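The values are calculated or read from the model by the stated rules, or taken from the named source; none is laboratory data. Keep in mind it's a predicted model, so treat the numbers as computed, not measured. As a convention, Cβ positions derive from the backbone with ideal geometry for all residues, glycine included, and neighbour counts pool all protein chains shown. These accessible areas exclude ligands, DNA and RNA; they are computed on the full protein's heavy atoms, side chains included. Shrake-Rupley method; radii C 1.70, N 1.55, O 1.52, S 1.80 Å.
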Amino acid sequence: MRYTANMKTAAATLLLSSSSLAMNCSDYYNYALEPHGPYSGGVYNLSYMRPDPICRTFNSSIVESTLTSVSNNISDPDLKRLFTNSYPSTVDTAIKWKGYASGSDEELTFVITGDINAMWLRDSANQMQSYLPLLTADNSSDSLASLYRGVINLQARYILLDPYCNSFQPPVESGVSPSPNPSASDDTVFPNYTNTSVFECKYELDSLAAFLEVSTNYYNATQDATFFKRYSWVQAIETVLAVAENMTVPTYQADGNVSVLSYSFTRLTTRSSETTENSGLGNPLNNGTGLIRSFFRPSDDSTIFQGFIPANMMFSRFLASSAAIADAIGESGLGDRMSNMACSLRTAITNYGIVDTAAYGQIYAYEVDGYMGQNIMDDANIPSLLAAPFFGYLDVNDLVYQNTRKLLLSANNPYFMRGPQISAIGGAHDGPGFAWPMASIVRILTSDDDAEITQQLQEIVSTTDGLGLIHESINTFNVSDWTRQWFSWANGLFGQMILDLDDRKPYILQQSFQGNVSVGYDG
């Protein structure tokens, strides 16, 4: 069985913290490879996958009570087991360290993705988002609010340290040793960085959008404006805006001179998606688009055209909402800059991201270059085009979105993977034939169609290979061929989706999912 398709295996052996070793807790990377009782008792007889209570990385009473109450509303034994395994994944396994900045009361939370001992801005924001429905104002250090504050503070530190980078090493206060990244050892990156503080330095616009997202989510749930004045949030926002402005620079100036970009990246690799064109500059972006470049996608694969529409959507949406935080703390000038940029970006997306097709009418392109280059596809990783209503850029009934959705969930999307076991959007990261359950989850979160939701749930429940966890990707013809048994973001997103269904369509959770998954496969 293929556990992973990239460098993630290299760091997997580095995950045991000193506290876990002291308690003789199993390395969850290995623990999650094997089934454990008690089993669900359903047709898929899913394993129990939560670590022993003493080995969990953060204990939250509200997560536990929610698990109990929502589980009681789920009739199917396998769906129930998948929910109870998945939803607490981040607090059970991924809070690698929680503490305070040296000599300060500034809370810090170091959240690993799962099988890598590093913190991605995007992943950690999404891992926290799983618990957004449970988040309330709370000053105590054992609260979800404290976890959120720690993530926001640490992300702000990382952005000020290396704003073009996507994943980072543990803070020095944690005492956790940095992890080597063999895949990045031959990277040539400008600005230069050091592996002692940065795990990987791929510039992805959605990483900066993730900081805005987790900030927005915390503020909206708690109304705790004072927090954002206390540490380095304002300075981090200023840095985010500076990067965004730098990344609107076109490849060619009006007189034909080649622009000097503030970032470049090349990697010695056999995979084209791991490096960039034109000696690290990427393919040209035309003058006057108003779009912000992204060198890489949220899958950590390089963009083909750097006008990456989903990340621009996400950045615009959360830049606008974060402006309310700036206003609330007396930074109205900053808030105005944020609002104006968000508005301009929305106009740019409409002008350059919407394209005409003969079969589907107007749709959103995945990537554009402002010339005539258009990449019509989608990738499973959020932000995606499919997820645009989920992260709040547009309404799910938006006509252009619905046109786009029809294309994305068809064979006309080159990364819509079809098979008798599962059919879902995948991506270049794991390649053809591997569907991502994350995309199936997003499909449910953006659908009001009971039959569609039921079918997607059936496919997810039946394709965990008995382990009862959400994998990164699955061979559409072979459920025993999958990547990543420990992927905290996807697990949390599944739990978040179940909470959403419990709220808006509780009767679906009363259904049986013990049937044949082949429904919906059109061969």
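Numbers below:
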quantity: Using θ = phi - 60° and Karplus 6.51 cos²θ - 1.76 cosθ + 1.60, couplings along the range 348-359 (whole Hz; Gly, Pro as x); calculated: 4, 5, 5, 6, 10, x, 8, 10, 8, 10, 5, 7
quantity: Net charge of Cβ neighbours under 15 Å - reference TYR31; Lys, Arg +1; Asp, Glu -1; calculated: -2
quantity: Fraction of accessible area attributable to carbon and sulfur, the chain (%, probe 1.4 Å); calculated: 49 percent
quantity: For THR303, residues with placed amide H under 5 Å, excluding near neighbours; calculated: PHE296, ARG297
quantity: ASP481 long-range amide H proximity, modeled H, under 5 Å; calculated: ASN475
quantity: Prolate/oblate/rounded label for the chain (Cα gyration tensor, a/c 1.5); calculated: rounded
quantity: Anisotropy class of the range 162-267 from Cα gyration tensor, a/c 1.5 cut; calculated: oblate
quantity: No Cys partner within the rule (Cβ under 4.7 Å), the chain; calculated: CYS343
quantity: Cα point-scatterer Debye curve for the range 379-439, base-10 log of I(q)/I(0) at q = 0.13, 0.20, 0.21, 0.30 Å⁻¹; calculated: -0.33, -0.73, -0.79, -1.25
quantity: Of LYS98/LYS229; LYS96/LYS406; LYS98/LYS202; LYS406/LYS505, pairs whose Cα-Cα distance is over 32 Å; calculated: LYS96/LYS406
quantity: Summed side-chain charge close to ILE444 - residues other than ILE444 whose Cβ falls under 9 Å, Lys, Arg +1, Asp, Glu -1; calculated: -1
quantity: Restricting the range 234-316 to GluC sites (Glu not before Pro) in coil, as DSSP defines it, with at most 15 other Cβ within 10 Å; calculated: GLU277
quantity: For the range 123-214: rounded, prolate or oblate by the Cα gyration tensor [a/c cutoff 1.5]; calculated: prolate
quantity: Net charge contributed by nearby residues that have their C-beta within less than 11 Å of SER47 (K/R +1, D/E -1); calculated: -1
quantity: Estimated vicinal HN-Hα couplings, Hz - the range 28-36 in sequence order (Karplus 6.51, -1.76, 1.60; Gly, Pro = x); calculated: 5, 4, 7, 4, 6, 8, 10, x, 9
quantity: Accessible area per residue, Å², the range 106-414 with all protein chains present, probe 1.4 Å; calculated: 34 Å²
